[in-house]
Every structure is written in structure tokens, then in C-alpha cells.
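The values are calculated or read from the model by the stated rules, or taken from the named source; none is laboratory data. Everything quoted here is computed from the prediction, not taken from an experiment. Positions of Cβ are generated from backbone atoms using ideal geometry, with glycine treated the same way; all protein chains shown enter the neighbour counts.
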Amino acid sequence: MQISNGVVYSFKNYSRRTDKYGFERDIKIYEADPVQASEELDQLARTEKGNLKQIQYNPTWNYFKNLVKEKLTSKEGARIYVKRKVDVEPVFGRMKGVFGVRRVHVRGQKVVETEIGFLLMSMNLTKLAKKIVQDNRGKKKNTDSSAEFHQK
């Protein structure tokens, strides 16, 4: 028996779902009891169409979610996460803030890798252009129009 917002749910059955990647997931299904403690809870226990509400619970997912949470809150996990914020997350911040990228617009690993590759390439070209501009600021420009190459 589980209680959510005062509504009492009882175990109904196990279900096995296959996602679009072909991975099978075992789900526990809980259904609201048909008789609740009050009329208000009776209404909360039903959908708009009058069916009893259900809660789907994936024990495997919750096990791994809790495992990751424990690892992140450990001293070693916290140390790694702090380092990750410095190393990795500024890149994603730049992607979102400067380049306005919040999601990819394609589906499929190959095309997503291609799109992300173009994004990272454009970020690197932006850095390169900025460096070239900074390096050339102190140098005198070549005014001879016949010169094809500037020699140092």
C-alpha cells in the first residue's frame, strides 16, 4: 500500500515494457483503491474519464538513481563533481549562452555526432579568429598592395 496526496494505492501487477531501443523494463503498477477515505480523495483517485489512477514504479531505475546519488554525495564523488564543473560545464554554458544551442535538431547517433561536431568546430574557429585578431593588433599592417605574403 502506498499513499500519494492522501490517496491510497495498492499493488496491481507487474508489467514488462519494451522501449524504442529494444530494452525491456520491469514495472510495478499500483492502482488507486476504488474506495477512499473521503469523497474528495475519491475524486483525486480517478482520472477525468473516471478510471482509477495508476502509479508505475521501476525498482531497477530507482536502485541505480539512488546508487548514483550516494556516489555523488560521497567525499570522492563530491571531489570529482566539483572538478567536473570547472572542466566540462563552461563548454556547455558557452554553447547555450553564446551560440544559443539548447538541443540538437536531429535524431540518430551519427547525425547527432555530426551536428555536435559542427558546433564544436564553430566554437574552435571562433576562438581561433579571436586569437588571430589579438595577435595582429600590435603588428603594423602591410600597406604594399603588391605584396602577397607578409614576411617577418
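Quick notes on this structure:
- Strands (runs of 3 or more DSSP E) contained in region 1-60 and holding at least 2 residues at pLDDT below 90: 2-4
- Verdict on Tyr63 being more than 30 Å from Thr126 (Cα to Cα), outside the structural domain of Thr126 (by TED's automatic domain parsing), touching a Lys or Arg at 6+ places or on another chain (Cβ under 9 Å) and not in a loop (DSSP other than H, G, I, E, B): no
- Residue within region 100-114 that is in a helix (DSSP H, G or I), touching a helix residue (DSSP H, G or I) at 6+ places or on another chain (Cβ under 8 Å) and over 22 Å from Lys20 (Cα atoms) present: no
- Qualifying position, being among the acidic types (Asp, Glu) and under 18 Å from the mean Cα position of the chain (by Cα), among Glu89, Glu76: Glu89
- Which numbered condition Ser15 fails, given (1) in contact with a strand residue (DSSP E or B) (Cβ under 7 Å, 6 or more places away or on another chain); (2) free of Cβ contacts under 8 Å to residues at least 24 places away in the same chain; (3) not charged (D, E, K, R): (2)
- Residue match in region 59-66 (condition: more than 30 Å from Ile116 (Cα to Cα), without any contact (Cβ under 8 Å) to a residue 60 or more places away in the chain, among the hydroxyl-bearing types (Ser, Thr, Tyr) and surrounded by 11 or more Cβ atoms within 10 Å (Cβ to Cβ)): no
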